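Worksheet: one structure, shown below.
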Amino acid sequence: MNQLVLYSNVVLGTILLFSYFYIGSKNSGVLEKLWGNIKGLHRKLTIVSMIITGITYLFTIYYLGFKSDKLDKKIVNEILKYQIILIIASMLWMPLSIKYLNKKDVLTKISVILILFIVAMSALAILYKLFRINDNSKYKIMALVGSGMLFFHTFFLDFLNWNYNFF
């Protein structure tokens, strides 16, 4: 069992979710604006993707946390670094987006776009590093599905689609 992977993801993931809840509750007047022009079925599909991505990414955390004893520790630690970068960068998205809504300056806009790019590229790095692990178990395959969904969501739905509809 890799406690560092588990604790890092659980603690930072909980802080991330709490930060969204806390910042959202303090800025409830702009929450609708955070969706940009994503409405109707398009929004529902995005929410479904968020849920599916969250659930399937648990496979990745499970694999790295509970099935990584026989894996290359260097690769697992590299994946953990990308997970930490992804989560911390994700914590910056909402406050920066709200800042942009309050004062539409170019630097904040670039910062929001850059943060979403960092999140997506971190997700891609996790997927790539998992793919490189020499293991053909069903747990690795499930982890690849989870990290693949994370990359799909963060790159196509957040970085490309959300940026286009928000800005």
### Query
Which numbered condition trips up Asn37, out of (1) of a type in the set (S, T, N, Q); (2) touching a helix residue (DSSP H, G or I) at 6+ places or on another chain (Cβ under 8 Å); (3) exposed (fewer than 14 other Cβ atoms within 10 Å of the Cβ); (4) in a helix (DSSP H, G or I)?
(4)
### Message
Being part of a helix (DSSP H, G or I), of a type outside the set (Gly, Ala, Ser), under 30 Å from Asn134 (Cα atoms) and free of Cβ contacts under 8 Å to residues at least 40 places away in the same chain is true for just one of Ile61, Ile118, Ile52. Which residue is that?
### Response
Ile118
### Summary
The condition of being exposed (fewer than 12 other Cβ atoms within 10 Å of the Cβ) and farther than 23 Å from Val145 by Cβ holds, among Ser25, Ser19, only for Ser25
### Query
Condition test on Asn136, is it of a type in the set (S, T, N, Q) and touching a residue at least 24 places away in the same chain (Cβ under 8 Å)?
no
### Task
Kindly establish whether Thr56 is of a type outside the set (Asp, Glu) and touching a Gly at 6+ places or on another chain (Cβ under 6 Å).
yes
### Query
Out of all the residues in segment 65-88, is one or more modelled with pLDDT of 95 or more, over 26 Å from Asn136 (Cβ atoms), surrounded by 13 or more Cβ atoms within 10 Å (Cβ to Cβ) and small (Gly, Ala, Ser)?
no
### Query
Taking into account only those residues within segment 107-126 that are closer than 16 Å to Ile84 by Cβ, touching a Phe, Trp or Tyr at 6+ places or on another chain (Cβ under 7 Å) and not β-branched (Val, Ile, Thr), which is surrounded by the fewest Cβ atoms within 10 Å (Cβ to Cβ)?
Leu124
### Query
Which one of the conditions (1) farther than 21 Å from Tyr164 by Cβ; (2) in a helix (DSSP H, G or I); (3) more than 21 Å from the chain's Cα centre (by Cα) does Ile75 fail to meet, given that it meets all the rest?
(3)
### Task
State whether the residues of segment 122-137 include one that is of a type in the set (Gly, Ala, Ser), out of contact with any Leu (no Cβ under 6 Å at 6 or more places or on another chain) and farther than 19 Å from Leu12 by Cα.
yes
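The values are calculated or read from the model by the stated rules, or taken from the named source; none is laboratory data. If you're wondering where the values come from, they're calculated on a predicted model, not measured in any experiment. Quick reminder, even Gly has a Cβ in these numbers, built from the backbone with ideal geometry, and neighbours come from all protein chains shown.
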